[in-house]
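Quick notes on the structure that follows.
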Amino acid sequence: MKKALAYIFSDNSWFIKYKLYHIPFWFAYHVMWWTITIGSLSAVANNILYSAYSIKFLFYVIFQAIGVYFNLYFLIPRFLHKGKYALYILFLLITIIVVAFCIVSGYYTSAYLSEYPFQYLYSQPPSNFMYFFSINALPSTMASTTLGMSVKLTKNWIQAERKQRLLEKEKLETELKFLKSQFNPHFLFNTINSIFVLIHKNQDMASDSLAKFSDLLRYQLYECNENHIPFDRELSYLKSFIELSKLRLDPKDVSVSESLPAHGFGSLQIAPFILMPFIENAFKHVEKSTLDGGKIMMSLQTDAQHLFFTIRNTVALQPVQPEVLKTSGIGLQNVFRRLSLLYPERHHLNISKTSDWFEVQLQINLETNLY
């Protein structure tokens with residue numbers, strides 16, 4: 001018995017998954033108010049089970065639940081969250097009135113199905129429709145709507161606070177991990193050595209590379225302290241990072257092709273360092289000893305709402321190891337975690353590996369920033 005109850009109330013059970021616990025909640029809610037009204041729980045139970053009032057009771061339960069969920073899952077996301085307050089209030093009032101009218105029809109339906117005179121059941125003539133509307137149905141519907149909104153908004157507030165704490169903790173961990181591993185000493189020394197060699201070969205290129213290196217350091221240390229930053233700023237950083245990473249590769253061994261936009265789409269925002277670990281991973285693990293030499297190919301596209309990113313690099317000719325997909329590359333696990341926190345249900349990440357290529361495909365819906 002205990003195991004059965006534990007399963008029913010577990011997160012994976014059909015009772016919780018499909019939110020069937022809402023049914024007993026609304027049933028208990030209306031039983032409570034009916035009990036308060038007439039002062040006897042046994043009388044309420046008798047009315048629900050054995051009297052003509054059961055039909056009226058079901059109309060209250062069903063139509064008020066419909067009205068509450070219509071408000072929570074349609075009106076609030078469609079109008080309130082988008083700042084359309086006048087339209088939201090208008091449609092909410094219409095919803096409450098329609099629900100109240102439907103509930104009053106339950107009085108007439110119960111009288112019709114029970115074959116008892118309407119006035120015998122409710123001590124009012126059938127013509128007195130507005131009495132039941134204004135005294136019973138309308139106040140009850142407004143109360144249930146307020147209750148539903150209060151529960152939902154409280155739940156959302158608790159979840160937002162919890163997620164905000166996780167994000168703050170994750171941000172600190174991300175910054176530390178990035179300074180310790182993403183921007184590691186090997187990258188610093190190799191880049192400095194590459195620039196040093198360029199000084200004797202091409203001073204103009206060395207000067208330009210040094211400026212990019214300076215901008216990259218400044219960006220990392222000072223300009224990316226927000227959860228979301230302008231996409232143009234992140235794009236400029238990625239381009240500098242790619243150019244500096246190319247300095248460490250011999251063009252004869254590795255060819256790099258990239259398709260990056262000249263600038264971001266409008267006022268698009270993105271979380272910093274979401275894409276960079278995938279790029280660094282490609283430069284670090286690209287296999288140079290393939291028949292045609294190593295290759296890195298990347299593509300980045302954006303529109304008003306979405307980002308589409310793909311990067312591929314050649315790998316050593318060896319059997320595919322599934323665990324490599326989970327651990328390959330610096331900081332990838334960190335990126336997985338940040339994606340789940342910053343873009344829950346708004347991103348799709350696919351990482352695959354064949355005998356020749358390692359590929360990452362990422363799509364992010366950037367339409368709404370939560371923080």
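A few notes on this one:
- A 1.4 Å probe over all protein chains sorts His347, His30 by accessible area into His347, His30, starting with the largest.
- Under 5 Å between amide hydrogens, built in the peptide plane, is the criterion, and for Ser255 it picks out Gly294, Lys295, Ile296 among residues at least 5 positions away or on other chains.
- Amide H to amide H, with H built 1.01 Å from N, Gln269 comes under 5 Å of Phe231, counting only residues 5 or more places away or on other chains.
- Residues of the range 65-106: accessible area per residue with a 1.4 Å probe, Å²: 54
- Prolate/oblate/rounded label for the range 192-313 (Cα gyration tensor, a/c 1.5): oblate
- Gyration tensor (alpha-carbon) shape descriptor, the range 51-165, a/c threshold 1.5: prolate
- Filter on Lys169/Lys212; Lys252/Lys295; Lys82/Lys152; Lys84/Lys163; Lys239/Lys295; Lys246/Lys288 - keep pairs with C-alpha separation over 20 Å: Lys169/Lys212; Lys84/Lys163
- Over the range 193-296, accessible surface divided per residue gives 52 Å², non-protein components excluded, 1.4 Å probe.
- Reducing the range 106-120 and the range 32-96 to their Cα centroids gives an inter-centroid distance of 21 Å.
- Each residue was assigned an accessible area with a 1.4 Å probe, and for Arg312 the value is about 70 Å².
The values are calculated or read from the model by the stated rules, or taken from the named source; none is laboratory data. Because the structure is a prediction, the values reported are computed rather than measured. Areas reflect the complete protein model, heavy atoms only, side chains present, ligands, DNA and RNA absent. Shrake-Rupley method; radii C 1.70, N 1.55, O 1.52, S 1.80 Å.
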